[in-house]
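So the structure is just underneath, and the comments pick up after that.
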């Protein structure tokens, strides 16, 4: 069974009771978990929810702004450092440098059990972790920073396949929608992030 834990729903700044964006995907009866986006403080939130952090197999970052990515180095240090836990991080190029700098500043070395997948800003990226396949579709975000819509498809023998799409932070998800239609993907869950500027309050 696949289900989601919405760990954070706030925008650029966390507010009391709401952390910045982060979604946890449970698959394989809770044995294989995947974290989409990792803002500041998310590791503590997941711990408070009783999430078994050692079962998180992959972290996917939808874009490089700090409210979606600033917690990743602390997450790696808390979950992987000093253990044999393997973790795959799929993110826009540069995430490895960010993590390396934080570990170097602390006098530590990133565990060899951490591996990276660069999400292309120009082309669709496909990758798999365990029995789950992921597709990253480049989408607009803000200025030179590109976003990535994420499609997650689980494939477990004893469970019905599940397809989830997460649009990420964008004002135009048409490229993601076009890909879903072209590939005839039957979505079970669509998670759409909605953040409106102050001049669009009436639309929020």
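The values are calculated or read from the model by the stated rules, or taken from the named source; none is laboratory data. All values derive from a computational prediction rather than experimental measurement. With ideal geometry, Cβ positions are generated from the backbone for all residues, glycine too; neighbour counts draw on all protein chains shown.
Restricting to the range 66-119, and then to whatever is in a loop (DSSP other than H, G, I, E, B) and touching a strand residue (DSSP E or B) at 6+ places or on another chain (Cβ under 7 Å), can you tell me which residue is nearest to residue 33 (Cα to Cα)? Once the filter is applied, the top-ranked residue is 80. Of everything in the range 140-159 that is in contact with a strand residue (DSSP E or B) (Cβ under 9 Å, 6 or more places away or on another chain) and loosely packed, with under 14 Cβ neighbours inside 10 Å, the residue that is modelled with the lowest pLDDT is 145. Evaluate the following for residue 126: is it out of contact with any helix residue (DSSP H, G or I) (no Cβ under 9 Å at 6 or more places or on another chain) and either within 17 Å of residue 23 (Cβ to Cβ) or modelled with pLDDT under 95 (or both)? No: the conditions fail for residue 126.
Residue count for the range 1-37 satisfying the condition of being modelled with pLDDT of 90 or more, in a loop (DSSP other than H, G, I, E, B) and closer than 16 Å to residue 63 by Cα: 1. A search for C-beta distances below 7 Å between a residue of the range 32-48 that is on the phi > 0 side of the Ramachandran plot and any residue that is surrounded by fewer than 20 Cβ atoms within 10 Å (Cβ to Cβ) and modelled with pLDDT under 90, counting only pairs 6+ apart in sequence or on different chains, returns 41/14. In this structure, does residue 180 turn out to be at pLDDT 90 or above, crowded, with 18+ Cβ neighbours inside 10 Å and either out of contact with any strand residue (DSSP E or B) (no Cβ under 9 Å at 6 or more places or on another chain) or assigned to a helix (DSSP H, G or I) (or both)? Answer is yes for this residue.
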